[in-house]
1. Please verify whether segment A:154-163 includes one or more residues that are part of a helix (DSSP H, G or I) and either in contact (Cβ under 8 Å) with a residue 40 or more places away in the chain or near DNA strand C (Cβ under 9 Å from one of its atoms) (or both).
2. Only residues that are surrounded by 16 or more Cβ atoms within 10 Å (Cβ to Cβ), in a loop (DSSP other than H, G, I, E, B) and within 12 Å of DNA strand C (Cβ to nearest atom): list them for segment A:113-141, please.
3. Taking interchain pairs and intrachain pairs at least six residues apart, which have beta carbon atoms under 6 angstrom, with the first residue in segment A:123-138 and more than 12 Å from A:Gln102 (Cβ to Cβ) and the second acidic (Asp, Glu) and part of a helix (DSSP H, G or I)?
4. Could you grab me the full set of residues in segment A:93-130 that are within 9 Å of DNA strand B (Cβ to nearest atom) and out of contact with any helix residue (DSSP H, G or I) (no Cβ under 7 Å at 6 or more places or on another chain)?
5. Which count do you get for residues in segment A:125-184 that are among the hydroxyl-bearing types (Ser, Thr, Tyr) and at pLDDT below 95?
6. Only one residue in A:Leu110, A:Leu90, A:Leu75, A:Leu96 is in contact (Cβ under 8 Å) with a residue 12 or more places away in the chain and under 21 Å from A:Asn46 (Cβ atoms), so which one is that?
7. State whether the residues of segment A:91-100 include one that is within 16 Å of DNA strand C (Cβ to nearest atom) and assigned to a loop (DSSP other than H, G, I, E, B).
8. Looking at (1) in contact (Cβ under 8 Å) with a residue 40 or more places away in the chain; (2) within 16 Å of DNA strand C (Cβ to nearest atom), which one does A:Leu52 not meet, given that it meets all the others?
Amino acid sequence: MKVITHTTTRAARGKGLTLVWGLHDFALGKMLVALSSEGVCWIGINCGEKDLAKNWPGANLIEDAKITAKPARELAAAWKKGWPQRAGDLSVPLVLYGTAFQIKVWKELLKIKSGAVVTYADIARKVGLPAAVRAVGSAVGKNTLSIIVPCHRVVNTSGNKISYGWGPAMKKALLKAEGVPAYA
DNA sequence: CGCCGGTCGTAAA
DNA sequence: TTTACGACCGGCG
């Protein structure tokens, strides 16, 4: 899959950008897919335009589900097949807008196989900052491509707390659907 | 168990 | 530039 990255801060992210978005079904609910001229740049679960706007300050938003339908279908299918382990090719690139650190973390998430989970500490080690566990948590939580950048596959060491931007129940449902034993 | 300190990248002030 | 705050972790009681 092709991945395009842009290093920015949250505040500057949406400036001068036009995003075309639409709502589409996937296995566990509705997904909001937003496209820039380069590819998919934002995915939200069971949410609406206000969530999109909040994440892209200053961006020009255009709703057109006809345009987002094809990529949305591909993304949903890819996840269902065990993304990214048995990923089918997507006709659009994944576009990551974030700080250098966040992009590093998100790219690490793309390596986690479907059906597996890793801890925040694991990611911290992988990016070479073993003590920055908490900073990793923040970065994971700011993931802009829900489901596709599999932030739901990151859990805490003790396994007793489960946090997720779209609600703990959705995280559990995703892990269950992926066949993670502890959530079956 | 629950509490506390350490750590480090961010957004906001 | 300063401050406050996390989708955390490990140690200690």
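The values are calculated or read from the model by the stated rules, or taken from the named source; none is laboratory data. From a predicted model like this one, the values you see are computed outputs, not experimental measurements. Virtual Cβ from ideal backbone geometry, glycine too; neighbours counted across all protein chains shown.
1. No, there is no match, as no residue in segment A:154-163 is part of a helix (DSSP H, G or I) and either in contact (Cβ under 8 Å) with a residue 40 or more places away in the chain or near DNA strand C (Cβ under 9 Å from one of its atoms) (or both).
2. Hits for segment A:113-141 are A:Val117, A:Ala132.
3. A:Lys126/A:Glu108
4. Answer for segment A:93-130, where residues must be within 9 Å of DNA strand B (Cβ to nearest atom) and out of contact with any helix residue (DSSP H, G or I) (no Cβ under 7 Å at 6 or more places or on another chain): A:Thr99, A:Ala100, A:Ile103, A:Lys104, A:Leu129.
5. Result for segment A:125-184: 2.
6. Of the residues listed, the single one that is in contact (Cβ under 8 Å) with a residue 12 or more places away in the chain and under 21 Å from A:Asn46 (Cβ atoms) is A:Leu75.
7. Taking every residue of segment A:91-100 in turn, at least one turns out to be within 16 Å of DNA strand C (Cβ to nearest atom) and assigned to a loop (DSSP other than H, G, I, E, B).
8. Failed condition: (1).
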